[in-house]
Structure formats: structure tokens, C-alpha cells
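The next block holds one structure in the form of C-alpha cells; read it before the comments.
The numbers here are math on the coordinates, done by the rules we state, and not lab data. Predicted, not measured: the structure shown is a model, and the values here were computed from it. Note that each Cβ is placed from the backbone with ideal geometry, even for glycine, and that neighbours are counted across all protein chains shown.
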Amino acid sequence: MISAHSRGAVIFDAYGTLIDSSDGSVRATRTKLYIGSTSDHRPLMDDVLRNGIMVDHVFSSESLRAYKPHPAFYHAILKHIGCDPSDTVFVGDSLHDDVCGPSMYCCSSPGSGRV
């Protein structure tokens, strides 16, 4: 996974460990990874488990009772994880839901593309 942030591009492995950064240093910093999806919870969890996706928590619109790009969706996630919007990067495949939505809520989003 590659994430662009105000400090430059950084590269993470599949488990959220920072393996390279724009300054050339290599660090083993564990980054928390979450899934936030406009999906029903059970099918989403089935997909996560079947594909062996390792994340810290999975949020569905069903469990949050809110849909992207409504600010309540992002607010509920940030409240649960205890993070400030300015310290969060959303990555997704929808320009409207995964870039514009978080941007309206003051979260960074590097762009849209299948991940």
C-alpha cells in the first residue's frame, strides 16, 4: 500500500508496517489499518476473513448506521479509533465517497484507485 501524506509518499507492507519513507529511511513503525465500507457487516466480514485481510477493525455502514460520504460515517470511525481527522488518511476506489467525503471532513485522501 502506498499512501501520500503532507510529509511525502510512504510505503507500507500488507500488515501496515512502514517499510520506506520519502526521506530514504527504513523504519518498522506499525500503522493502524481500518476498513470503512458502505456495506452490510456480515458479507463484509466474510470477505475480510476469506481473503485473510489483516486490519485493526472493520467498520460497515450497517454497524455505523451511516453511509459515505455523510460526515457521520467518518466521525463515527474517528471517534472509535480516537484519531484526529488531520492525522488520518482515507484510501479508496470512489472519488465521491473516498476522496470528496473525507476531504469535507478535514481528512486527507491521496486519491482514488482500486486498492
Taking the C-alpha atoms of the stretch 33-109, convex hull volume expressed per residue in Å³:
78
What residues have an amide H closer than 5 Å to that of residue 59, excluding those fewer than 5 places away on the same chain, when H is modeled at 1.01 Å from N in the peptide plane?
35, 36, 37
Note, ³J(HN,Hα) from phi for the stretch 43-56, Karplus 6.51, -1.76, 1.60, rounded to Hz, x at Gly and Pro
x, 4, 5, 4, 5, 4, 5, 4, 8, x, 6, 9, 9, 6
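In a shell of Cβ-Cβ distance under 15 Å around residue 45, excluding residue 45 itself, what net charge do Lys and Arg (+1) and Asp and Glu (-1) give?
-3
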Amide proton proximity set for residue 31, modelled H, under 5 Å, gap of 5+:
17, 18
